[in-house]
Structures are given as structure tokens and as C-alpha cells.
Amino acid sequence: MDHDVERSKVPEVTLVFWVIKILATTLGETGGDAVSMSMNLGYEVSSFIFIGIFVAAVIAQIVANKFHPFLYWLVVIATTTAGTTMADFADRSLGIGYPGGASILFILLMASLAAWYWSAGSISVNTVSTPKIETFYWVAILFSQTLGTALGDWMADTNGLGYEGGALVFATGLAVIAVAYFYTGISRTLLFWAAFILTRPLGATLGDLLDKPLNNGGLAFSRFYASAILAAVIVGCVALLPQRAGTHPGKPQPTQV
């Protein structure tokens, strides 16, 4: 197991990981909206652009021979911007609506995790040490980011909570997961994926809070301005905060699910 940890190309899951993850998902919302809405390219064209960036970035990540923090987070940002435009395309352009889009994306995420489990016997990040498993990992992350976008928009736009209320709901959910991590014996793998999914709608609602018009409950920041600030903060965090290749925190269990 120690040898696997040394060869891992994903970061150790610490507080720094979650801070950068939330920042990256917020950037995904403002950046995706900047291209699809502010540049008037539409959700379909924007999705093709971001999927292309994701494919190029994930190939570079998979062929790399060790963990590179900037490359890893570039792929995460690519998944979250692609997730933003793909969810918006499904929910709005195709007319599926938030419940339909979220349901389809949930099924796709569960199917990708099931395929990973069937192939490797585990969906723990402890197993992300080969190109095949890394491919499963990034496909699952792409679907989880897209699902998170749909959940965030569904909560903020249709349930009367607004962006601040939606962010509070998802932040509370993450707090519950943190309590479960420290005080229960619930599977660490299950808690990781639950937290990974919930950070995306949290970022989506925070991004919408920044760039939506005042009369829609937002702060009316320019999408490009907000995206530039978030990108600068992420670069600073990746450059200055300690990160190292690792696995899910805690001692590996004999049987991982």
C-alpha cells in the first residue's frame, strides 16, 4: 500500500484539498457562464469547447508519471466548467428541467461508479494508480460535477431559497458529512464521494451569487472579473499551500467499498 501511495497521482485529501475544490467549482460556474452567456456562444457550443479542454487535460494528467498539482487542478476546473455548460444544456436547451437533468446525471454517475467497482473491486481513491483506474476516476468526477451543477441550480432557482439559501443548505450538508467522518464508522469512500458531489452545488450557488443580477438575488459581479479573481486565488493556493500525492485520509480498510 505504501508503494501505491508513493505512485499516486491524486492529492492527499486534506482541508487544503476541499478549499481548492470549492474555489474550483465556483470558478467553474462563473467561467462556464462567462463563455456560454456573456460571450453568447450558447450551452451546446460552450460544452463542446470545455469537453475538448477536459479531454486534452485529462490525457496529459493520465500520461504524466507523477502527481503535478497544477495539472491535477486544471483537470478539475475543466470538469467543473464542462459540468456547468452540460447541465445547463440538458436542463434548459433540451427542456428536460432540473429534476429530469439531475435524475439522468445521477444515473450516469452511479453507472460510472458501478463500472469502476466492477472493474477494480473498489471505488476508493486509494486505487487511483493506473491509467485504467484514473480514467474511471475522471469520468466519475465529470459526472459528479455536472450533477452538482444541476442540483445547485435546482435548489437555488426552483425551491425559493435563492443563492444564499442554497449555499447554506449545501454547506450544512457538508458539515453533516464532516461530523459523520469524525464520529461514525460510515465508509470513508462513501463520505468522500458524497462530499465531492456536494461541493459542486455549493460552488454553483456561490458562483451564481457572485455574478447574477441584483434583482435575481446575486451581487452582479462581472463573470469575467469574478472568474479572474477566483483563478488568481486558486493559483495562489496551489502554489503556496502544501499538497502532496496521497490517498483518502485515514487508515485503509482491508475491504474497501
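The values are calculated or read from the model by the stated rules, or taken from the named source; none is laboratory data. Please read these numbers as outputs of a predicted model, since none were measured by experiment. Please note: Cβ atoms are built from the backbone with ideal geometry, for glycine as well, and neighbour counts cover all protein chains shown. Remember, those area values only see protein heavy atoms, side chains included, never the ligands or the DNA or RNA. Shrake-Rupley method; radii C 1.70, N 1.55, O 1.52, S 1.80 Å.
Hey, what's the per residue convex hull volume over the C-alpha atoms of segment 12-161, in cubic angstrom?
Working: hull volume 17.2 nm³, N = 150.
Considering the Cα atoms of segment 12-161, their hull volume per residue is 115 Å³.
For segment 73-208, take N as its residue count and report Rg(C-alpha) divided by 2.2 N^0.38 Å.
Details: Rg = 15.0 Å, N = 136, 2.2 N^0.38 = 14.2 Å.
Relative to the 2.2 N^0.38 Å estimate, segment 73-208 comes out at 1.06.
For the chain, what is the calculated [θ] at 222 nm in deg cm²/dmol (nearest 500), taking -39500 (n - 2.57) for each run of four or more DSSP H residues and dividing by its residue count?
Helix contribution divided over all residues of the chain: -24500 deg cm²/dmol.
Obtain the radius of gyration and the Kirkwood radius of segment 194-233 from its C-alpha atoms and give Rg over Rh. Intermediate values should be presented prior to the final figure.
Values: Rg = 11.2 Å, Rh = 10.7 Å.
A ratio of 1.05.
Using only the heavy atoms of the protein chains and a 1.4 Å probe, how would 234, 49, 107 rank by accessible area, largest first?
Details: 234 10, 49 75, 107 110 Å².
The most accessible residue leads, giving 107, 49, 234.
Which is the longest part of the chain that has none of the trypsin sites (Lys or Arg not before Pro) sitting in a DSSP loop with at most 15 other Cβ atoms within 10 Å?
Details: sites that count: 66, 244.
It works out to 67-243.
Within the chain, how many Lys pairs sit with Cα atoms under 17 Å apart, leaving out pairs fewer than 8 places apart on the same chain? Kindly include the intermediate steps, with their values, before the conclusion.
Numbers: 9/21; 9/66; 9/132; 66/132.
For the chain, qualifying lysine pairs total 4.
Given the Cα atoms of segment 162-234, and with Rh set as the inverse mean 1/r over their pairs in the Kirkwood sense, what is Rg to Rh to two decimals?
Values: Rg = 14.9 Å, Rh = 13.5 Å.
Rounded to two decimals, Rg over Rh is 1.10.
Taking every Cα atom in segment 36-103, find the radius of gyration and the maximum pairwise distance Dmax, and write them in Å.
Every Cα atom of segment 36-103 included, Rg and Dmax give 14.0, 43 Å.
What is the Cα coordinate range of the chain on the first, second and third principal axes, sorted by size from largest, in whole angstrom?
53, 36, 35
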